[in-house]
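FYI, it's all coordinate maths here, none of it is from the lab. Predicted model, so just to flag it, every value in this text is computed and none were measured. A quick note on method: Cβ atoms are made from the backbone with ideal geometry, for glycine too, and the neighbour counts reach across all protein chains shown.
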Amino acid sequence: MLNRAAQLTLIAALLATAACSKKKPLPPPPPPAAAPAMAPSSSGNTDTAMAAPVAVGTANIPGSVADFKATSGSDTVLFGYDSYEIDDTARGILGKQAEWLARYPGVKVTIEGHADERGTREYNLALGDRRANAAKNFLGAQGVATARIATISYGKERPVAEGSDEAAWAQNRRAVTVIIGGAR
Amino acid sequence: MRIPLLLLALSLAAPAAAVLRVDINTGIAQPLPIAVPAFAATVPAATQAGTTTDLGARVAAVIAADLGSSGLFRPLDPAAYTTTVTAADVTAPQFASWRTLAAQALVTGNVTANPDGGITVGCYAYDVFSSEELARQGFVTTAANWRRAAHKCADLVYSRLTGETGYFDSRIVYVSETGGKTKRIKRLAVMDQDGANHRFLTNGQNLVLTPRFAPNQQTITYMSFADNKPRVWLYTLGTGHQEVVGEFPNMSFAPRFSPDGNALVFSMATGGNTDIFRMDLASRRITRLTDAPGIDTAPSYAPDGAHIVFESDRGGSQQVYVMNADGSGQHRISFGDGRAATPVWSPRGDLIAFTRLGAGKFRIGVMKPDGSGERLLTSAYQDEGPTWSPNGRVILFFRTVQGRSNTALMSVDLSGQNERRLKTPLDASDPAWSPLLP
């Protein structure tokens with residue numbers, strides 16, 4: 001049983017990776033996030049009596065949950081209707097998540113898979129599981145040890161948007177990477 | 001909360017041949033007018049549930065509500081009744097006065113307090129125009145259990161007039177819902193088929209879904225997110241005992257009992273792939289039934305236990321399949337427009353109810369076990385999750401209102417008529433109808 005399960009996981013992972021790589025090469029790792037320079041403008045009117053802007057203490061603690069979200073751009077990737085394909089936008093976000101996770105190897109995450117309301121309850125539980133695993137497999141292919149990644153599906157039980165329209169559905173078809181341990 | 005089994009049926013006499021008959025196959029344009037006057041107190045006496053006179057009135061009201069809810073009968077307004085039925089009238093009705101009210105059938109009866117504190121409810125059905133007796137039966141039970149005696153009487157009348165078994169002495173387990181869409185609180189709840197004797201089983205702390213009765217009705221299987229682990233659980237009604245059926249590494253869900261109650265079938269998800277498994281409850285050993293890449297879920301046994309209907313997206317979209325109970329012979333049976341989901345085999349074996357997804361809607365439909373003869377019974381934004389009445393004539397499901405969190409239990413008969421909302425204290429979803437109580 002375990003062997004078969006392991007095999008299936010492996011096959012699923014390979015399929016997911018293959019499907020992704022066939023479409024488009026993985027995006028290059030984004031440049032290291034440099035703090036934007038906030039030097040006072042020296043161009044133009046030098047006599048505008050404006051104090052030089054000062055960086056307020058908004059910087060996130062490196063290795064924190066807030067830092068993870070800010071560095072990755074988002075903790076959430078979205079999916080098409082009844083789909084678990086990792087699209088370009090999701091690829092970008094997950095790529096940054098993987099980089100961040102490589103930087104903090106002690107961090108463990110749970111990926112929560114969700115569905116919109118346009119599927120039946122049990123099918124959507126399975127669909128949420130597919131989405132969570134698609135995101136997990138992508139992170140795994142980026143070098144994150146899959147032992148660090150748990151998955152859970154909530155199906156259509158935990159939407160973030162309440163409406164019954166495309167805007168709400170789009171937000172609800174998602175996989176959310178939640179840090180469960182090891183963050184600062 | 002054990003279901004009282006102390007309900008003894010007494011044979012009072014052999015009924016005469018019937019002339020009155022209700023055809024339930026075509027859908028009823030004109031429900032049969034039926035009079036159900038307050039049952040007489042054989043001797044006015046006190047019981048733990050009130051006097052026999054009071055009980056007589058309450059029993060009649062429950063019977064009238066049961067029969068009326070089927071859509072096949074139209075109980076007359078008790079305000080129109082010109083006389084009170086005396087103990088003597090029960091076995092010798094004044095047919096002329098009931099004819100005046102245009103009642104075609106008459107249900108009368110009596111309530112007797114027994115020396116042991118229990119009660120006997122005598123139930124009599126008559127054809128008003130031919131002045132013939134159609135059926136009679138006595139039911140012995142505890143005073144507190146009087147509603148079940150009333151449901152048994154309603155089942156007797158329904159059965160005598162339609163030729164089908166009844167379904168009123170049965171219960172419903174479902175998920176009670178409250179709160180906003182993003183933070184829904186869900187609790188298991190049980191109630192009688194008519195909404196009475198409502199009781200919550202879980203406190204809402206954990207997300208719970210998809211309860212189903214065991215054939216003996218003392219156990220419920222369901223899915224719970226307790227400890228953030230989505231798994232299949234069992235709930236024992238008598239004791240309130242809850243236990244997880246297995247410590248699986250991945251999500252287990254969509255549980256249903258086998259017809260003999262000795263096994264569960266359910267889905268397990270592994271790395272994004274969902275298959276159906278069978279678990280022997282005595283040994284807790286599991287056997288794989290499906291092995292296709294894709295989502296195989298929502299299994300439901302045929303009443304003879306030989307086949308299982310389920311849904312799978314192995315062909316590209318969610319469709320209904322049938323397999324032998326050992327997993328062999330898997331074949332697709334649904335071929336209509338859109339997707340087909342949540343199949344449930346009728347307790348009569350003749351039909352499969354399911355949810356049809358298409359054109360932005362979920363609708364409840366039925367088809368034969370070979371996939372032919374599909375008929376859609378409802379049309380709304382989202383009607384999902386059918387469950388059968390014990391006699392296979394009525395389907396209960398839940399309806400979600402577009403753009404809102406509100407969900408409600410609805411029933412519809414096999415002809416697609418008599419759509420009714422079942423009252424619940426809060427919003428409601430995932431209904432499962434019990435078999436007839438013993």
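Inverting the pair-averaged 1/r between distinct Cα atoms of region B:57-169 gives 14.3 Å as its Kirkwood hydrodynamic radius. A dipole drawn for the protein assembly as shown from +1 and -1 charges on Cβ atoms has a positive end, and of B:Y126, B:L357, B:T387 the residue lying farthest that way is B:L357. Against the main long axis of the alpha-carbon atoms of chain B, helix B:146-162 sits at an angle near 90°.
Here B:T400, B:T82, B:T287 are placed in order of increasing Cβ neighbour count within 10 Å, fewest first, which gives B:T82, B:T287, B:T400.
Relative to the longest principal axis of the Cα atoms of chain B, the long axis of helix B:52-69 lies at roughly 50 degrees. This model, with +1 at the C-beta of Lys and Arg and -1 at the C-beta of Asp and Glu, gives the protein assembly as shown a dipole about its Cα centre of some 1200 debye.
Normalising the Debye intensity of chain B to I(0), with uniform scatterers on Cα atoms only, and taking log10 at q = 0.07, 0.09, 0.14 Å⁻¹ returns -0.37, -0.61, -1.26.
Taking 7 Å steps out from each Cα toward its Cβ at A:A66 and B:A226 produces label points 3.8 nm apart.
For the protein assembly as shown, adding -39500 (n - 2.57) for each run of n ≥ 4 DSSP H residues and dividing by the number of residues yields -6000 deg cm²/dmol at 222 nm.
For peptide B:289-299, the mean count of partner chain Cβ atoms within 10 Å of a residue's Cβ comes to 3. Subtracting the Cα-Cα distance of B:L101 and B:V401 from 0.36 nm times their residue separation leaves 103.9 nm of extension gain. The charge dipole of region B:273-326, taken about its Cα centre with unit charges on the Cβ of Lys, Arg, Asp and Glu (plus for the first two, minus for the last two), comes to roughly 180 debye. Coordinate range of the alpha-carbon atoms in region B:362-438 per principal axis, descending: 36, 34, 19 Å. Take each residue in A:156-163, count the other chain C-beta atoms within 10 Å of its C-beta, and the mean is 4. Here the label points at B:S131 and B:S372, each 7 Å from Cα along the C-beta direction, are separated by 5.0 nm in the simple model.
Net charge dipole, chain B: roughly 900 debye, given to the nearest 20, about the Cα centre with Cβ charges of +1 for Lys and Arg and -1 for Asp and Glu.
Per residue of A:109-121, other chain Cβ atoms within 10 Å of the residue Cβ number 4 on average. Under 16 Å from a label point set 7 Å out along the Cα-to-Cβ vector of B:D260, the amide N atoms of region B:293-333 belong to B:301-308, B:325-327. Summarised in one figure, the compactness ratio Rg/Rh of region B:178-271, Cα atoms and Kirkwood Rh, is 0.97.
With r as the distance between the Cβ atoms of B:H198 and A:T89 and R0 = 45 Å, compute the FRET efficiency 1/(1 + (r/R0)^6) and round to 0.05. For R0 = 45 Å, the calculated efficiency reads 0.45. Build a GNM of chain B with springs between Cα atoms under 10 Å apart, and of B:N145, B:N273, B:N228 the one that fluctuates most is B:N228.
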